[in-house]
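This report concerns only the one structure given below.
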Amino acid sequence: MTELIQTSGALDQFCEDMSRSPWVGVDTEFERIRTYHPRLCLIQISTPHQTVCIDPLAGLDLTPVARLLGCDGPLKIIHSARQDLEVINHEIGVVPSPLFDTQIAAAFCGFGEQVGYAA
């Protein structure tokens, strides 16, 4: 089940709960229309038991997300992380760490450099 987080209380509770997880999957959606930097439009965070969508355009304080994605949090699993890292760093002020990029891992396993989700 996917939940849309639109309140500070729900965001605080979710990030606190996820900070105890050994890993989280992270994906972002953003736009680059007429902007130098990408504009963060959606943050998706998943564990085996929960998936949430966080609306950064709702005016929420994203400090709890910064703490979750920072180096003291769980392992972050991201596919093709370069652009996600750029927008997260620019908009939230943190570079997710520790990080596992599934696209880089797939390349090391012989799938090529540009393997997509379908592989």
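Residue 9 meets all of the listed conditions (1) at positive phi; (2) assigned to a helix (DSSP H, G or I) but one, namely (1).
Within region 26-40, residues that are touching a residue at least 60 places away in the same chain (Cβ under 8 Å) have Cβ atoms under 7 Å from residues that are surrounded by fewer than 15 Cβ atoms within 10 Å (Cβ to Cβ) and aliphatic (A, V, I, L, M) in these pairs: 28/42, counting only partners at least 6 apart in sequence or on another chain.
Counting only residues that are within 12 Å of residue 68 (Cβ to Cβ) and β-branched (Val, Ile, Thr), region 7-54 holds 7 of them.
If I ask for residues that are within 20 Å of residue 14 (Cα to Cα) and surrounded by fewer than 16 Cβ atoms within 10 Å (Cβ to Cβ), which ones from region 80-97 would you list?
Selection gives 93, 95, 97.
In region 1-42, of all residues being polar (S, T, N, Q) and over 24 Å from residue 80 (Cβ atoms), the one that is surrounded by the fewest Cβ atoms within 10 Å (Cβ to Cβ) corresponds to 7.
Within the bounds of region 70-79, is there any residue that is of a type in the set (Val, Ile, Thr), without any contact (Cβ under 8 Å) to a residue 60 or more places away in the chain and loosely packed, with under 13 Cβ neighbours inside 10 Å? Scanning region 70-79, I find no residue that is of a type in the set (Val, Ile, Thr), without any contact (Cβ under 8 Å) to a residue 60 or more places away in the chain and loosely packed, with under 13 Cβ neighbours inside 10 Å, so the answer is no.
Of the residues in region 43-64, at least one is buried (at least 17 other Cβ atoms within 10 Å of the Cβ), in contact with a Pro (Cβ under 7 Å, 6 or more places away or on another chain), among the aliphatic types (A, V, I, L, M) and under 22 Å from residue 103 (Cα atoms).
None of the figures in this text is laboratory data; all of them are computed from the coordinates on show. This structure is a prediction, so every number in the text was calculated from the model and none was measured. Methodologically, a virtual Cβ is constructed for each residue, glycine included, from the backbone with ideal geometry; neighbour enumeration extends over all protein chains shown.
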